[in-house]
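Take a look at the structure set out below.
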Amino acid sequence: MIPIMVGGALTTCAMAVVGYLLWPTWGPKVSSSPERLPVSVGATLFNVPTMAVRRKIQRHSGPQERVDLSFTFPALEAPLAPKHVSADTVEESIQPIDRIFLSISAHHDTLAPDVRVRTIYPRYLEQTSPPGQDGLTARAFRDGTPYSNEDLFLAKAPNLYARCTRDAATPGMCLSERRIDGADLTFRFPRSWLAQWRDVANAMDRLTLQLTGPK
């Protein structure tokens, strides 16, 4: 009886394996959330990639006061889910920043970013500045001002203005803002990317069009 029982058990296991392998996998893709979310910030509608939203609490459609996003650069795609990092692999996991961060927030009629560049920033800039390289002009903020230890970068064709911290214990970061109707878009990226500033400026333009395009 024992050989018969063992043989029956093996046959059952074999049939289960074959059934699993032959089970059809075709059919509609099941997703727990939509690929894009219609989000209203400052009464302005944006078409936001769900996986680009950095905070789970913001992953819903409808009105929001602020949405924080990140995209890979230069592909401008939603980043993959972060891998688990243990104490043994934390040093190996540190990689150069390859993402451009974007915050969309309601401005509530505060001073527009372009107006700030024309009227506020010049009050705190050094009187002299080195000549621009490759079409990009750098202006240093004076020490003792609200923007000390920062520089202002300006360029045209494509248009770019960015306020950047200087490299220190941590790499410098840049902030570039623009206004779309009732919302302000704040882009953040590493200062080192200014070596390819045209690519960065074009990337911000592309992201703005993608988010405000057909809903």
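Nothing in this text is a laboratory measurement; each read-out follows from the coordinates by a stated rule. Small disclaimer: the values here were computed from a predicted structure and weren't measured. Using ideal geometry, Cβ is built from the backbone for each residue, glycine included, and neighbour counts are taken over all protein chains shown.
Laid out as a table, the results:
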| read-out | value |
| --- | --- |
| Residue count for the stretch 193-215, restricted to those that are in contact (Cβ under 8 Å) with a residue 24 or more places away in the chain and within 21 Å of ALA140 (Cα to Cα) | 6 |
| Considering residues of the stretch 189-210 that are of a type in the set (Gly, Ala, Ser) and more than 27 Å from ARG36 (Cβ to Cβ) only, the residue surrounded by the most Cβ atoms within 10 Å (Cβ to Cβ) | SER192 |
| Qualifying residue in the stretch 139-156 (condition: over 23 Å from SER103 (Cβ atoms), buried (at least 16 other Cβ atoms within 10 Å of the Cβ) and in contact with a strand residue (DSSP E or B) (Cβ under 8 Å, 6 or more places away or on another chain)) | yes |
| Looking only at the stretch 59-69, and only at residues there that are surrounded by fewer than 17 Cβ atoms within 10 Å (Cβ to Cβ) and not basic (Lys, Arg), the one that is nearest to ILE104 (Cα to Cα) | ASP68 |
| Selection from the stretch 161-201 of residues that are among the charged types (D, E, K, R) and either within 17 Å of the chain's Cα centre (by Cα) or under 26 Å from GLU65 (Cβ atoms) (or both) | ARG163, GLU177, ARG178, ARG179, ASP181, ASP184, ARG188, ARG191, ASP199 |
| Residue under evaluation ARG139, criteria (1) of a type outside the set (Gly, Ala, Ser); (2) assigned to a strand (DSSP E or B); (3) within 23 Å of the chain's Cα centre (by Cα), criterion not met | (3) |
| Tabulated pairs, the stretch 139-152, first farther than 10 Å from THR165 by Cβ, second of a type in the set (Ser, Thr, Tyr) and in a loop (DSSP other than H, G, I, E, B), C-beta under 8 angstrom, 6+ apart or interchain | ARG139/SER129; ALA140/SER129; PHE141/TYR147; PHE141/SER148; ARG142/SER148 |
| Long-range neighbours under 7 Å by Cβ, at least six apart or interchain, first residue at negative phi within the stretch 43-56, second part of a helix (DSSP H, G or I) | PHE46/LEU211; PHE46/THR212; ASN47/LEU211; VAL48/LEU211 |
| The stretch 33-54, subset over 15 Å from the mean Cα position of the chain (by Cα) and in a loop (DSSP other than H, G, I, E, B), residue nearest to GLN210 (Cα to Cα) | GLU35 |
| Top-ranked residue of the stretch 157-185 - restricted to ones that are of a type outside the set (Gly, Ala, Ser), surrounded by fewer than 18 Cβ atoms within 10 Å (Cβ to Cβ) and free of Cβ contacts under 8 Å to residues at least 24 places away in the same chain, ranked as farthest from GLN210 (Cα to Cα) | THR170 |
